[in-house]
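One structure is given below, encoded as structure tokens.
The values are calculated or read from the model by the stated rules, or taken from the named source; none is laboratory data. Being a predicted model, the structure only gives us computed values, none of them experimental. FYI the Cβ positions are ideal-geometry reconstructions off the backbone, even for glycines, and counts take in every protein chain you see. Note: accessible area is taken over every heavy atom of the protein model, side chains too, but ligands, DNA and RNA are not part of it. Shrake-Rupley method; radii C 1.70, N 1.55, O 1.52, S 1.80 Å.
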Amino acid sequence: WFIGTDPVTGAIKDPKVGIALTHSLFNITNTLLYLPFIRIAAEFLERLIPNNEEENEKQRVTSLSVQRLEPYSMSIERSRIEVIRMGNTCLQLADRVQNIIGGECSNQNEIEEAFLQEELLDYLQDEVIEYTAGLLSGNISHDIGETAQQQLRMADELESISDYLIAILKSDITMHKDGLVFPDEQKAALKELHDGVRVYIADVIKFYTERRTAFAELMTEVHTHGRTLTQRAKDLRAGFIKELTNSETKYDPRVVIALNTQINAYRRVREHAQNVAEAVAGAK
């Protein structure tokens, strides 16, 4: 009767309409039957599966959540903001490390803040990777997929930069505890190298933040600046080795080790900053 049949033959007049109406009636009936029991079912599930969402959110350092329902274009922009945050945190860490090793501010609180910033970058990297990997597993466009891969690479490289900045700080702390210092000439050269690396990172982050598209110009500038920094590091090492050979002054071996450690760390920072630039420009 509900579907409508031919009174003579009993055949369904329109099978398509019959199927649609039957399906709709079935779902409506089910909904009405279950409606009174929704609250009971919800309370049962809440007891069965405790909700730790608030506790988990407190432990997160970003607003990124793979459970958030929003267009992929908004999601990829949300993670982009966190990648920029990582870049700016790296710059802040570089400034703090320079202030500490330069003697401008060497109190324990500043040292602890530097280590906290490096730890923050670890958490940021984890959450950006978790989030963008979640996007990549979805039904996304080619452009958003490429952007997500770019952000994955940038997050990894920026976190590596923070690791080497902290390695420089640890080296300086060890020297300070042992009552050792670099010669004035090498100390000045290290500061110059640090400032150059800091500018290098800042230029790349600024390019990404401002959404510039002159990628060929970026890579030309990056390679030119990179070669300058690499040569500066080589000259610093070669000059100190020459001084060790020719000078009558005897240096503690720990000073030589610390200088070599810091030079290598600066070179690694430069390499990872170049990798960030390549990710921004879409270079392999």
Inset, instruction - Rounding to the nearest 20 debye, state how big the charge dipole of segment 187-251 is about its Cα centre with +1 on each Lys and Arg Cβ and -1 on each Asp and Glu Cβ. - result: 160
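Under the rule a/c < 1.5 gives rounded, and otherwise a/b versus b/c splits prolate from oblate, where does segment 139-214 land using the Cα gyration tensor? Write down the numbers at each step before the final one.
On the way: a/c = 6.31, a/b = 2.31, b/c = 2.74.
It comes out oblate by the Cα gyration axes.
Considering only protein heavy atoms, what per residue accessible area in square angstrom results for the chain with a 1.4 angstrom probe?
Details: 17220 Å² over 284 residues.
I get 61 Å² per residue for this part.
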Legend entry - Only Lys, Arg (+1) and Asp, Glu (-1) charged, at Cβ; segment 87-163 dipole about Cα centre in debye: 200
Inset, instruction - Would you indicate which of (1) 1, 5, 10, 11, 12, 10, 9, 8, 6, 5, 4, 4, 3, 3, 2, 2, 2, 1, 1, 1, 0, 0, 0, 0; (2) 1, 4, 7, 9, 11, 13, 14, 13, 10, 8, 6, 4, 1, 0; (3) 1, 6, 12, 16, 17, 16, 12, 9, 6, 3, 2, 1, 0 is the value of P(r) over Cα pairs in 5 Å bins from 0, in percent derived from the coordinates of this structure? - result: (1)
Inset, instruction - Considering only protein heavy atoms, with the full assembly of protein chains and a 1.4 angstrom probe, order TYR34, TYR72, TYR208 by accessible area, largest first. - result: TYR34, TYR72, TYR208
Inset, instruction - Compute the acute angle (0 to 90°) between the alpha-carbon long axis of helix 108-136 and the principal axis of greatest extent of the alpha-carbon atoms of the chain; round to the nearest 10°. - result: 40
Inset, instruction - Enter the accessible area of HIS176 (Å², nearest 10), with the probe set to 1.4 Å and all protein chains included. - result: 150
Inset, instruction - Please determine, in degrees from 0 to 90 and to the nearest 10, the orientation of helix 72-101 with respect to the longest principal axis defined by the Cα atoms of the chain, where the helix direction is its Cα long axis. - result: 20
Legend entry - Proximal aspartates and glutamates relative to LYS187, as straight alpha-carbon distance under 15 Å, when same-chain residues fewer than 8 apart are discounted: GLU104, ASP172, ASP195, ASP235, GLU243
Inset, instruction - Enter the angle in degrees (range 0 to 90, nearest 10) between the Cα long axis of helix 15-34 and the first principal axis of the Cα atoms of the chain, meaning the one along which they spread out most. - result: 70
Inset, instruction - Summarise the accessible area of the chain (1.4 Å probe, protein heavy atoms) by the percent that is carbon and sulfur. - result: 55
Inset, instruction - Would you mind working out the magnitude of the charge dipole of the chain relative to its Cα centre, with +1 at each Lys and Arg C-beta and -1 at each Asp and Glu C-beta, to the nearest 20 Debye? - result: 580
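From the Cα gyration tensor of segment 174-235, with a ≥ b ≥ c the square roots of its eigenvalues, which class applies: rounded if a/c is under 1.5, or else prolate if a/b is larger than b/c, or else oblate?
Prolate is the answer for segment 174-235, as a/c is 1.5 or above and a/b outweighs b/c.
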Inset, instruction - Could you please state, rounded to a whole Å, how far the C-alpha centre of segment 140-169 is from the C-alpha centre of segment 231-284? - result: 23
Legend entry - Hz values of 3J(HN,Hα) by residue in segment 195-204 - Karplus curve (6.51, -1.76, 1.60), Gly and Pro given as x: 4, x, 5, 4, 5, 4, 5, 4, 4, 5
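Which of the peptides 215-226, 110-121 is most tightly packed, and how do the rest follow, judged by the mean count of other Cβ atoms within 10 Å per residue?
On the way: 215-226: 15.2, 110-121: 16.9.
The packing order, highest mean first, is 110-121, 215-226.
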